[in-house]
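What follows is one structure encoded as structure tokens, with my remarks underneath.
The values are calculated or read from the model by the stated rules, or taken from the named source; none is laboratory data. For clarity, every value in this text was computed on a predicted model and none was experimentally measured. Note: ideal-geometry Cβ built from the backbone for every residue, glycine included; neighbour counts use all protein chains shown. The area values use the complete protein model at the heavy-atom level, side chains included, leaving out ligands, DNA and RNA. Shrake-Rupley method; radii C 1.70, N 1.55, O 1.52, S 1.80 Å.
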Amino acid sequence: MTVTLLLRPRTLLRALLLPALLLCGSAFAQERFSLFVPSPQATVERMIAIARLQPGDVVIDLGSGDGRIVLAAARQHPAIRGWGVDINADLVRQSNAAAQEQGLAERVQFFHRNVFDTDLREATVINMWLFPELMRLLRPKILAEARPGTRVISNGFDWGGWAPDETDTESGRVLKWIVPARVAGYWSWESNIGGAMLAYDAILEQRFQQVEGVVRAGNRRGVLTSARLRGEELSMTLDITLESGAVTRHEFSGRVRGERIEGSVTVTRDGDRLVQPWSAQRVRDRASFWRPTGVGVK
Ligand SMILES: C[S@@+](CC[C@H](N)C(=O)[O-])C[C@H]1O[C@@H](n2cnc3c(N)ncnc32)[C@H](O)[C@@H]1O
């Protein structure tokens, strides 16, 4: 069923949900799906704009309909590739025919596939306009499979407790999330403080792109402030009074690569400022964080 509508997402939901349930009751019982409503062309343009495409990007559309998002992205950006999947075989045929006609078939393909059976590992930009429940069902798959830094773009619907990193309201409401690296857990590193190496142990807590944490530096403990995670890029600040009595500011900035964070830390104390490499290693337990501080408190 093809319906061309210029509807707000909530209106779309109301307009489609009831007929969808009536028409497709048995299919709903087996698998989740949304009906085909093409994104208005102006919204497609905003979805492409918010992605800020770079050469080498792999742009995909989960529930690609007539293929318009991936086709438009490939027309505008000759150095990207893309593909889409749709549960509707006719739409997939139509999309592949359009890719042929537009001379894009080398870079753009469409597959007859359920979004849940789609391998997301090579995508750098994921588009979707699916019912909120379907999006919510996909969230753990995207968080588990998509690489950190992957941009996820939705026409209209939000994503429960995962707040978007960016919202565009020029044509409807376009939302963008950046898949965050996994940083929750225990990390250790050393930094040069006043000419001597000091041991640091951190416990990071994470909810999507929001990070909080506590750090032990030598015999002192402090709370991280201003932690920010965008994809693999992590920055955070620690203000702490070290054993020497010096109030010391640490501004960390690094890239999370699996079990390591590599970057730099700017240490400011007694008016001196030292920028040095920062290399943190993930560790399995937090015993060192809780070691007695040795300040004589019983
Ligand atoms: C609202 S349309 C959006 C089409 C296109 N992404 C756009 O924005 O123009 C949703 C599309 O998702 C497809 N779809 C719904 N559920 C799906 C599923 N479980 N797996 C694959 N495709 C699905 C539908 O056939 C439909 O073409």
* Specify the angular offset, from 0 to 90 degrees and rounded to the nearest 10, of the alpha carbon long axis of helix 132-145 from the longest principal axis of the alpha carbons in the chain. => 50
* On Cα atoms only, tilt of 89-101 relative to the major axis of the chain in degrees -> 90
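So, for the chain, what is the accessible surface per residue at a probe of 1.4 Å, expressed in square angstrom? Walk me through the intermediate numbers first.
Values: 14910 Å² over 298 residues.
Ligands and nucleic acids excluded, the result is 50 Å² per residue.
Which net charge results when you count Lys and Arg as +1 and Asp and Glu as -1 among the other residues whose beta-carbon is under 12 Å from that of Ala79?
Values: positive: Arg81, Arg107; negative: Asp57.
Local charge sum for Ala79: +1.
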* Structure fact -> Counting sequence-distant residues (5 or more places) and residues on other chains, those with an amide H built under 5 Å from that of Phe131 are Ser34
* In Hz, Karplus ³J(HN,Hα) per residue of segment 255-262 (6.51, -1.76, 1.60; θ = phi - 60°; x = Gly, Pro) -> 10, 7, 10, x, 8, 10, 10, 10
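Cα gyration tensor of segment 46-151, axes a ≥ b ≥ c as square roots of the eigenvalues: rounded (a/c below 1.5), prolate (a/b > b/c) or oblate?
The shape class here is oblate.
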* To do: Scan around Ile193 for amide H atoms under 5 Å from its own, H built in the peptide plane at 1.01 Å from N, and keep only partners 5 or more places away or cross-chain.
  => Leu198
* **Inter-part distance where segment 49-69 and segment 128-170 are each reduced to a Cα centre, Å** => 14
* To do: Note down the nm distance, to one decimal, between modelled labels 7 Å out along Cα→Cβ at Asp90 and at Gln76.
  => 2.9
* With a sphere of radius 14 Å drawn around the Cβ of Ala99, what net charge do the other residues whose Cβ falls strictly inside it have (Lys, Arg +1; Asp, Glu -1)? -> 0
* Structure fact -> Between Met197 and Glu122, the two model label points (7 Å from Cα along the beta-carbon direction) sit apart by a distance in nm of 4.3
* **Potential extension, Arg147-Ala97 segment - 0.36 nm per residue separation minus Cα distance** => 15.0 nm
* **Distance (nanometres) between label positions extended 7 Å along Cα→Cβ at Glu259 and Glu133** => 4.3
* Sequence-distant residues sharing a close amide H with Leu224 (under 5 Å, placed H) -> Gly213, Val214, Val215
* Structure fact -> Quick note, the chain: a/c under 1.5 would make it rounded; otherwise a/b > b/c is prolate and the rest oblate (a ≥ b ≥ c, C-alpha gyration tensor); here it is prolate
* To do: Place the peptides 56-68, 224-236, 281-293 in order of packing, highest mean first, counting for every residue the other Cβ atoms within 10 Å and averaging per peptide.
  => 56-68, 224-236, 281-293
* To do: Please give the calculated 222 nm ellipticity per residue for the chain, where each DSSP H segment of at least 4 residues contributes -39500 (n - 2.57) and the sum is spread over every residue; nearest 500 deg cm²/dmol?
  => -7000 deg cm²/dmol
